[in-house]
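Below is the structure I would like to discuss, written out as C-alpha cells.
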Amino acid sequence: AQLVESGGGLVQTGGSLRLSCATSERTFNNCVIGWFRQAPGKERELVAAISQSGNLFHYTDSVKGRFTISKDGAKFTVFLQMNSLKPEDTAIYYCAAKMTPWSYYRDNYSYWGQGTQVTVSS
C-alpha cells in the first residue's frame, strides 16, 4: 500500500496546518489509517486514527480539541487538520495503515509513508 504525505511546513505558535495522506482505493477502504509523529529523541506516537468507515476516531490526549482526522472518499485521501499548534507539536508526521478491524492501539501498522516535517516556532 502506497501512502504519500504532504502539507507539512513551518508555522508559528497558534497557527494551523492541514496534512494530507494520499492512498490507493484498496487501502482507503480496507485499512485503519493513523497519523503518527516522532520528535527528535522521542518515541513515535499515534496522534490520531480513523476507521475504514470514517465514523470511528481516536486522538491522543495532547491533541484533543485541536486536531481533526477526516477522510475524502472521492480522493482516497486522509487529512489531519491541526489547529492551535504548539512548539511541542514539532515532529515528523507519518501516515500509516493497517488492514485490521477498527482498533485505536498503535500496533499492527504495516504500511507507512515517508513522513512530512512539521515545525512550530515559538
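The values are calculated or read from the model by the stated rules, or taken from the named source; none is laboratory data. Bear in mind that the values here come from a model prediction, so they are computed numbers and not experimental data. Note that each Cβ is placed from the backbone with ideal geometry, even for glycine, and that neighbours are counted across all protein chains shown. Note: areas computed on protein heavy atoms with side chains; ligands, DNA, RNA excluded. Shrake-Rupley method; radii C 1.70, N 1.55, O 1.52, S 1.80 Å.
Regarding region 22-31, can at least one residue be identified that is without any contact (Cβ under 8 Å) to a residue 60 or more places away in the chain, farther than 21 Å from GLN2 by Cβ and not polar (S, T, N, Q)?
No: zero hits.
Name every residue in region 1-60 that is modelled with pLDDT under 95 and touching a Ser or Thr at 6+ places or on another chain (Cβ under 7 Å), in order of residue number.
ALA1, GLN2 - these are the residues of region 1-60 that are modelled with pLDDT under 95 and touching a Ser or Thr at 6+ places or on another chain (Cβ under 7 Å).
Taking region 56-73, which residues are more than 21 Å from THR100 (Cβ to Cβ), touching a strand residue (DSSP E or B) at 6+ places or on another chain (Cβ under 8 Å) and assigned to a loop (DSSP other than H, G, I, E, B)?
The answer is ARG66, and nothing else.
So, in region 91-118, exactly how many residues are open to solvent by 50 Å² or more (accessible area, probe 1.4 Å) and either of a type in the set (S, T, N, Q) or under 21 Å from LEU17 (Cβ atoms) (or both)?
6
Exactly one condition in (1) surrounded by 15 or more Cβ atoms within 10 Å (Cβ to Cβ); (2) touching a residue at least 60 places away in the same chain (Cβ under 8 Å) is false for LEU10; which is it?
All conditions pass for LEU10, except number (1).
Of all residues in region 15-55 being open to solvent by less than 50 Å² (accessible area, probe 1.4 Å), part of a loop (DSSP other than H, G, I, E, B) and small (Gly, Ala, Ser), which is nearest to THR90 (Cα to Cα)?
Once the filter is applied, the top-ranked residue is ALA39.
Kindly provide the set of residues from region 14-39 that are over 17 Å from GLN81 (Cβ atoms) and either hydroxyl-bearing (Ser, Thr, Tyr) or in contact with a strand residue (DSSP E or B) (Cβ under 8 Å, 6 or more places away or on another chain) (or both), ordered by number.
Residues satisfying the conditions are THR23, SER24, THR27, PHE28, CYS31, VAL32, GLN38, ALA39.
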